[in-house]
Structures are given as C-alpha cells and as structure tokens.
Amino acid sequence: MKLFLSYSYNEHHKISQVLEKIKNKIPEFKDAVIWDPSINLKAGDDFRAEIKKQILASDVYVLLWTKSAADSPWVLYEAGMADASGKPIVIAVEPSSPKIFDVFSKYQIVELGK
C-alpha cells in the first residue's frame, strides 16, 4: 500500500509522531510506503506534475489537518487533486485542529488525541 502524506511544512517537526499514531489507528497502514513531498521532492522537480503523479499512484491520500494546513496553498492543491481523482482520503485531526472544511467532511476522520 502506498500513502501520499500531506501536511503543512510548519508541522514537519512532528510528522513522524503523527504518522505513528495514524498507523496505530489504521492497522492496514502499518507497512505502507509513504510518499512525503517535503522529503521526496527535490530542487528542480516540477512540483505540480510530480505531486499529481504521486497522488494518482497512491492508494490513499492522508492529510494532517492543522491551522497551517488550512492556510497552505500546496496542501489545498494536493487535497483538491486527491478529491478530484477519487482517491480514498483519510484526514488526521488533533484536539487543536481547526474545523474541517465542509468539502472534506465526507472522508474518514481519524482523531489522534493528545
């Protein structure tokens, strides 16, 4: 299984911890291959084209929903691409996460707790 991981770069410092929580909540994700734009994209890459390619190649799009994510044009682009392509979407929320946009309310929500 391949997961496309989407989050605001402002949350980069905690993404490993968040990913572990998600994997504990959804056992099917335990051995998943993770595609993380902040790690896998390199200078000189066509970011939009590569993100689209990787979302289409993924089995599931996983979004860490935070205030920074809600304000990030890249996160919103990625989420829109996943939605438009019909990918299964899992949205991870923390107690401090802002309200999820209505358009995302139809997807699986994983509450990470404290």
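Values quoted throughout were computed directly from the atomic coordinates according to the rules given, and no laboratory measurement underlies them. Only a predicted model underlies this, so the values are computations on that prediction, with no experimental measurement involved. Using ideal geometry, Cβ is built from the backbone for each residue, glycine included, and neighbour counts are taken over all protein chains shown.
A few notes on this one:
- Residue in segment 60-79 that is without any contact (Cβ under 8 Å) to a residue 40 or more places away in the chain and assigned to a strand (DSSP E or B) present: yes
Residue by residue, here is whether (1) touching a Cys at 6+ places or on another chain (Cβ under 8 Å); (2) in a helix (DSSP H, G or I); (3) free of Cβ contacts under 8 Å to residues at least 24 places away in the same chain; (4) not acidic (Asp, Glu) holds:
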position	(1), (2), (3), (4)
Ser16	no, yes, yes, yes
Glu20	no, yes, yes, no
Glu28	no, yes, no, no
Ala49	no, yes, yes, yes
Ile55	no, yes, no, yes
Lys106	no, no, yes, yes
Ile109	no, no, yes, yes
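- Filtering segment 86-114 to residues that are surrounded by 12 or more Cβ atoms within 10 Å (Cβ to Cβ), of a type in the set (Ser, Thr, Tyr) and in contact with a Lys or Arg (Cβ under 9 Å, 6 or more places away or on another chain) leaves only Ser97.
- Residues located in segment 30-41, provided they are touching an Asp or Glu at 6+ places or on another chain (Cβ under 9 Å) and free of Cβ contacts under 8 Å to residues at least 12 places away in the same chain: Leu41
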